[in-house]
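Beneath this line is the structure, given in structure tokens, with notes to follow.
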Amino acid sequence: MSFIIQCIQAILLLIAAILVVIAAIGIIRLSDDDMKNVDYARLHIFGVLDIACIIAFLGLNQLLLALLYFLVAPFVSHAIANAYYNSEDKINNKNEDNEHV
């Protein structure tokens, strides 16, 4: 029984490692010239890394950390995207704010 659990854990860690490599290739290949809002695409790629971390925690038998990461990661990603969107809006509309003063 212990051997089966170790095999399942090894398979989960291999899946997590493959997801990390795929996400790393995606981050490296994605440049600022490809699209207008490249930061949102990068945030999506980091979502793949979030899933890889959850799978790795499950593979290491850290169920509480996996659950905590599963619950907290979407809120953090939304906060980062919201902060970037608001700062981008202020930078792009800087001239319009000065005209109203």
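The values are calculated or read from the model by the stated rules, or taken from the named source; none is laboratory data. Everything numeric here is computed off the predicted structure, so don't read it as measured data. Please note: Cβ atoms are built from the backbone with ideal geometry, for glycine as well, and neighbour counts cover all protein chains shown.
Quick one: Val101 ticks every box in (1) modelled with pLDDT under 85; (2) of a type in the set (Val, Ile, Thr); (3) within 19 Å of the chain's Cα centre (by Cα) bar one, so which box is it?
Every condition holds for Val101 apart from (3).
Among the numbered criteria (1) surrounded by 14 or more Cβ atoms within 10 Å (Cβ to Cβ); (2) modelled with pLDDT of 90 or more; (3) not aliphatic (A, V, I, L, M), which one does Cys7 miss?
(1)
Enumerate the pairs (first residue in the range 59-71 and within 23 Å of Ile18 (Cβ to Cβ); second residue anywhere and surrounded by fewer than 14 Cβ atoms within 10 Å (Cβ to Cβ)) with beta-carbon separation below 8 Å, excluding pairs fewer than 6 apart on the same chain, so at least 6 apart or on different chains.
Sorted first by the residue in the range 59-71, then by its partner, the pairs are Gly59/Ile8; Gly59/Ala10; Gly59/Ile11.
Please find, within the range 54-81, the residue that is surrounded by the fewest Cβ atoms within 10 Å (Cβ to Cβ) out of those that are within 10 Å of the chain's Cα centre (by Cα) and under 30 Å from Ile5 (Cα atoms).
Across the range 54-81, the extreme among qualifying residues is Pro74.
Suppose we keep only residues that are without any contact (Cβ under 8 Å) to a residue 12 or more places away in the chain and either closer than 27 Å to Ile4 by Cα or assigned to a helix (DSSP H, G or I) (or both) within the range 35-53. Which one would you say is farthest from the chain's Cα centre (by Cα)?
Selected residue: Val38.
Could you list all residues from the range 16-56 that are touching a Leu at 6+ places or on another chain (Cβ under 8 Å) and aliphatic (A, V, I, L, M)?
Leu19, Val20, Ala23, Val38, Ala41, Ile45, Val48, Leu49, Ile51, Ala52, Ile55, Ala56
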